[in-house]
1. So Val73 clears everything in (1) modelled with pLDDT under 95; (2) in a helix (DSSP H, G or I); (3) exposed (fewer than 15 other Cβ atoms within 10 Å of the Cβ) except one condition, right? Which one?
2. What is the one condition in (1) surrounded by fewer than 20 Cβ atoms within 10 Å (Cβ to Cβ); (2) at pLDDT 95 or above; (3) outside any loop (DSSP other than H, G, I, E, B); (4) not basic (Lys, Arg) that Gly43 does not satisfy?
3. Between a residue in segment 32-58 that is within 17 Å of Asn10 (Cβ to Cβ) and any residue that is of a type in the set (Asp, Glu), which pairs come within a Cβ distance under 7 Å, given they are 6 or more apart or on different chains?
4. Filter segment 11-40 down to the residues that are buried (at least 17 other Cβ atoms within 10 Å of the Cβ), in a helix (DSSP H, G or I) and not hydrophobic (A, V, I, L, M, F, W, C) and list them by number.
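The values are calculated or read from the model by the stated rules, or taken from the named source; none is laboratory data. As the structure is a computational prediction, the values presented were derived from the model and not from experiment. Glycine gets a Cβ as well: all are built from the backbone with ideal geometry, and neighbour counts include every protein chain shown.
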Amino acid sequence: MKIGFIGVGNIGAPIARQLLHAGHALFVHDIRPEAANALRAAGAAWSSSPAALAAECQVVATCLPGPAEMEAVCLGAP
């Protein structure tokens, strides 16, 4: 299964890593690209935007700091 994960900081990265270890094809995105470096080195693919990630994946998970960030990811920047 292709799974997308948006928000791979201190909390999201370990969750995303478990998905990768479970054998899923993992696509990641974060506002800070360097946050995904370890996951990319472990086999995750980088997506250039939330929209590109969603178009590639069957399931999308997020781990974001709050409602404003969730709204920006889901609806785009105002």
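1. (3)
2. Here Gly43 meets the rest and fails (3).
3. Taking only residues 6 or more apart or on different chains, the pairs are Ala36/Asp30.
4. If the condition is that a residue be buried (at least 17 other Cβ atoms within 10 Å of the Cβ), in a helix (DSSP H, G or I) and not hydrophobic (A, V, I, L, M, F, W, C), then Gly12, Arg17 are the ones that fit.
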